[in-house]
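A short write-up of the structure that comes next.
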Amino acid sequence: MIGRLKRIHRRMPLGTRLALGIGGLSLVAFAVVGTALTTYMRDYLSAQLNDQLKLAQVAQSKSIAEYGTLEGKKYYRWYYAVYDVSDGTPTLRKPEDPDDVPKDVDDLTSLARAQAAADTEIIRTEHLKGDGLYRLRACEVKPGVVLVSGAPMEDMDDTVGQLITVQVVAFVLALLALVVFGRGLLRRGLKPIGDMAHTARGITSHDLTTDSARLPVRADGGNGAPEVEELRTAFNTMLEHIDDALAVRTEAEQRLRRFVADASHELRTPLMSVRGYADLFQYAAANAPEEREKHLARLRAEAARMGVLLDDLLLLARLDAADVETPLRPEQEDLAELVRQAADAFRAAHPDHPLTVTAGPGPVRLRIDPLRIRQVLDNLLTNAAVHTPAGTKVAVEVAMEETVVMEETVAMEETGPDGAPGTAVIRVTDYGPGIPAADRARVFDRFYRVDKARSRDRGGSGLGLAVARSLVAAHGGTIDLAGEPGSTTFVLRLPKRA
């Protein structure tokens, strides 16, 4: 039975359980208050009855002492008995009215005997045969004479009974009102929790494995206690974090799919070329030996291009997992000298593109990986040569941020912390046709080419700028695209603390 009640209680809604709990506590409180009030009222009425008996006996004692008999006002259903106890044995005097004494006077006689022995007033509550419960009081009128009076307690019991009835009715009505209205208030107060439970059920039924794995529901606003509002806020914040995590995961999955698809497409061409040149080399070995060296050189060139592509993919993968394995080997290096070395290599490889280098008189020493930063510089300079016609001027400027021209300093102060002193800045500018505005936002995406028609032999794999941005970011710096029609400028910033 108890186990069944427990199961029923566990299946009840929280609001009902709280309402019943409040009702139970209220019932206990009502019982304590009712018991205390009833006890107080009974004691109060009992004391009043005792005082009434005492006052009545005072007046009656005077009548007995003066006239030897009981005269004067008498109360309805009260009993009065006068005993002579001079010889130690109570002897009942003949009453003025036979109705003054009960039919059975044994209890009154016993009380008179006890008073004579104790020589003090005595009060008892006795049940008189045929009359019910009476309050008896015995007192000495004069030496040898004892008066025993009895007052019915029926009126007092009726009053107490009526008080109990009123209390029970009032408490029951109050308890019902408390449970009913309290249940409504609790349901209203707990509605936000129910909304959150509904939201949670909606989330459990939502497929979080799809590409559009966004949470479609929220625990919306409503009136509630501060604790409920705090819970709602925490719940919604948690949902926002889950939403953001799902969005990041979805974006990463989509980016990975695009990356794998692009990588497969990029590798397919050199692999097909290698396969074709291998077939040509096999054919030439049997039929045209003089063509073998040409086919072998092309085979090696395609293999080398595929190796470069794989190296770039591997470097990007290692940079993406830099928290596991960093591919950098930082050391103290003069950035200005590194720029001069890259400029010398560019002049040797591209003599048809005049290059100017602007650097301060002193060294720009940073803690960097010189090989990786040189790779970034070579990539930017090579892009400037590949994507512009012969004769296009190229300029490189390297300086600390506080020594750049006034216009750039003002711009940095307006845009934020990138212009803080202690930041090394390299600007690689070519004065070619520039990059179309529609392509500027995507030039750093992997496998993205501005000119879709350009061959891979000239246009590269589309990984150069993506690798450059990842390498600079690994150093704690940034690389951005600036410029206007007629020029293109890549701005590379490296913090001195790097």
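The values are calculated or read from the model by the stated rules, or taken from the named source; none is laboratory data. Worth saying up front: this structure is predicted, and the values here are computed from it rather than measured. As a convention, Cβ positions derive from the backbone with ideal geometry for all residues, glycine included, and neighbour counts pool all protein chains shown.
Quick notes on this one:
Conditions tested, residue by residue: (1) part of a helix (DSSP H, G or I); (2) modelled with pLDDT under 65; (3) under 30 Å from GLY194 (Cβ atoms); (4) out of contact with any strand residue (DSSP E or B) (no Cβ under 9 Å at 6 or more places or on another chain).
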| site | (1), (2), (3), (4) |
| --- | --- |
| LEU215 | no, yes, yes, yes |
| ASN223 | no, yes, yes, yes |
| ARG232 | yes, no, yes, yes |
| THR237 | yes, no, yes, yes |
| ALA247 | yes, no, yes, yes |
| GLU253 | yes, no, no, yes |
| VAL260 | yes, no, no, yes |
| ALA263 | yes, no, no, yes |
| GLU266 | yes, yes, no, yes |
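- Members of region 165-179 that are surrounded by fewer than 16 Cβ atoms within 10 Å (Cβ to Cβ) and hydrophobic (A, V, I, L, M, F, W, C): VAL166, VAL168, VAL169, ALA170, VAL172, LEU173, ALA174, LEU176, ALA177
- Summed over region 123-144, the residues that are over 15 Å from ASP84 (Cα atoms) and surrounded by fewer than 19 Cβ atoms within 10 Å (Cβ to Cβ) give a count of 10.
- Verdict on ARG367 being outside any helix (DSSP H, G or I) and surrounded by 12 or more Cβ atoms within 10 Å (Cβ to Cβ): yes
- Meets criteria (closer than 16 Å to VAL141 by Cβ, surrounded by fewer than 11 Cβ atoms within 10 Å (Cβ to Cβ), in the same structural domain as MET153 (by TED's automatic domain parsing) and among the polar types (S, T, N, Q)) for THR120: yes
- Residue in region 143-155 that is part of a helix (DSSP H, G or I), closer than 18 Å to TRP78 by Cα and either more than 60 Å from the chain's Cα centre (by Cα) or not assigned by TED's automatic domain parsing to the domain that holds TYR83 (or both) present: yes
- In the set (1) under 19 Å from TYR134 (Cα atoms); (2) modelled with pLDDT of 90 or more, the condition left unmet by TYR75 is number (2).
- Residue check for LEU111: assigned to a strand (DSSP E or B), within 30 Å of TYR40 (Cβ to Cβ), free of Cβ contacts under 8 Å to residues at least 40 places away in the same chain and of a type in the set (A, V, I, L, M, F, W, C): no
- Candidate set from region 277-298 (those that are modelled with pLDDT of 75 or more and not charged (D, E, K, R)); member that is surrounded by the most Cβ atoms within 10 Å (Cβ to Cβ): LEU296
- Residue satisfying all of: in region 94-108; assigned to a helix (DSSP H, G or I) and in contact with a Phe, Trp or Tyr (Cβ under 9 Å, 6 or more places away or on another chain); surrounded by the fewest Cβ atoms within 10 Å (Cβ to Cβ) among these: ASP99
- Residue in region 202-211 that is of a type in the set (A, V, I, L, M, F, W, C) and modelled with pLDDT under 75 present: yes
- Among residues that are in contact (Cβ under 8 Å) with a residue 40 or more places away in the chain, part of a helix (DSSP H, G or I), assigned by TED's automatic domain parsing to the domain that holds VAL105 and among the aliphatic types (A, V, I, L, M), LEU49 is included.
- Restricting region 114-161 to residues that are touching a Lys or Arg at 6+ places or on another chain (Cβ under 8 Å) and of a type in the set (Ser, Thr, Tyr), the residue that is farthest from LYS54 (Cα to Cα) is THR125.
- Output for region 327-366, where each listed residue is modelled with pLDDT under 90 and under 15 Å from THR429 (Cα atoms): ALA359
- For THR91, the conditions (1) β-branched (Val, Ile, Thr); (2) surrounded by 14 or more Cβ atoms within 10 Å (Cβ to Cβ); (3) touching an Asp or Glu at 6+ places or on another chain (Cβ under 6 Å) are fulfilled apart from (2).
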